[in-house]
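A quick write-up on the structure given underneath.
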Amino acid sequence: MTDAELDLLVARIGDEFVARLGKPAATAPAAPATSGYDAPAGASPAANGPTDKRLAAMIDHTLLRPDATRAEILQVCAEARTHGFASVCVNSSWVPLVARELKGTSVKTCTVIGFPLGAMSTAAKVFETEETIRNGATEVDMVLAVGLLRAGEDLAVEKDIRAVAEACHRGGAILKVILETCLLNDAQKVTACKLCVAAGADFVKTSTGFSKGGATAKDIALMRQTVGPGLGVKASGGIRSLADARTMITAGASRIGASASVRIVQESAAQ
């Protein structure tokens, strides 16, 4: 697919999204990119205030910093309940706490597997998946075996994804596969997406947020074109503002991963 064709695809999806939302795309400046939870300045623990519920339901409210504290995890759970985010995404050690905090709400408990490198054995990924589902996770974001993909070992990559997908589905969870797009060329991104479809994944996802780059509209459009309408596409990494989120949705994302989620939905509600 040429750059011009990608631009045309982005424009067409953008027209449809803007028409549905009923408001023009924002031009708010993006905040500096950082990793981990980013509470809005002056926000209360639950970050009360107006919110765009339609947009919130597309966002995985994310806190994956290694130094995250129990208090910060409880804060993101409170924010997710207040704003109605799709899920709270945390490292697996926090899953029991998050599942308890979100019980009885529509907000899902999401965790990451083989994170952030994807270079663990398949058996280790499956064990971690089964353990975290037993602890209450209903969505699993797994990191692809990036090195195997770049080496052209497609069958090994597909086998790795399939084993985790089967473990997820046995436990009633869905699987999102993180491609780490910043480490791949376009042909490898296409191959990764096709392998995810073949292996039974439910979503493809751009980034961990811990490598050298994050989501781009071009990558989202390419991923959406490759997987078609049957799979979810999650944009994550560097999405800091409403403008960023709208750009990714316009390009074809059906889910957003962000730590600046509260800022994003409050910007939308204020328009």
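The values are calculated or read from the model by the stated rules, or taken from the named source; none is laboratory data. Bear in mind that the values here come from a model prediction, so they are computed numbers and not experimental data. Positions of Cβ are generated from backbone atoms using ideal geometry, with glycine treated the same way; all protein chains shown enter the neighbour counts.
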Item to complete: Restrict the check to region 121-130 and report whether at least one residue is part of a loop (DSSP other than H, G, I, E, B), under 22 Å from the mean Cα position of the chain (by Cα) and not basic (Lys, Arg).
Response: no
Item to complete: Would you be able to say whether some residue in region 155-163 is part of a loop (DSSP other than H, G, I, E, B), at pLDDT 95 or above and among the small types (Gly, Ala, Ser)?
Response: no
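When you check residue 154 against the structure, is it of a type in the set (Asp, Glu) and surrounded by fewer than 23 Cβ atoms within 10 Å (Cβ to Cβ), yes or no?
Working: of a type in the set (Asp, Glu): yes; surrounded by fewer than 23 Cβ atoms within 10 Å (Cβ to Cβ): yes.
Yes.
Go through the residues of region 217-230 one by one and say whether even a single one is hydroxyl-bearing (Ser, Thr, Tyr) and crowded, with 21+ Cβ neighbours inside 10 Å.
no
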Worksheet item: Residues 246, 170, 240: which one is of a type in the set (D, E, K, R) and more than 24 Å from residue 64 (Cα to Cα)?
Response: 170
Item to complete: Filter region 175-192 down to the residues that are within 17 Å of the chain's Cα centre (by Cα) and not hydrophobic (A, V, I, L, M, F, W, C), then identify the one that is surrounded by the most Cβ atoms within 10 Å (Cβ to Cβ).
Response: 181
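I need the full set of residues from region 225-271 which are in a helix (DSSP H, G or I) and of a type in the set (Lys, Arg), in order please. Steps first, please.
Keep residues of region 225-271 that are in a helix (DSSP H, G or I), which gives 225-230, 242-251, 261-269.
Those that are in a helix (DSSP H, G or I) and of a type in the set (Lys, Arg): 246, 263.
Would you check which residues across region 231-243 are touching a residue at least 60 places away in the same chain (Cβ under 8 Å) and either under 12 Å from residue 55 (Cβ atoms) or of a type in the set (Gly, Ala, Ser) (or both) and list them?
As a first pass, look at region 231-243 and keep what is touching a residue at least 60 places away in the same chain (Cβ under 8 Å): 234, 236, 238, 240-243.
The answer is 236, 238, 241, 242, 243.
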Worksheet item: If you check every pair at least six apart or on different chains, which have Cβ atoms under 9 Å apart with a residue in region 110-133 that is more than 17 Å from residue 201 (Cα to Cα) first and a residue that is among the charged types (D, E, K, R) and in a loop (DSSP other than H, G, I, E, B) second?
Response: 116/180; 117/180
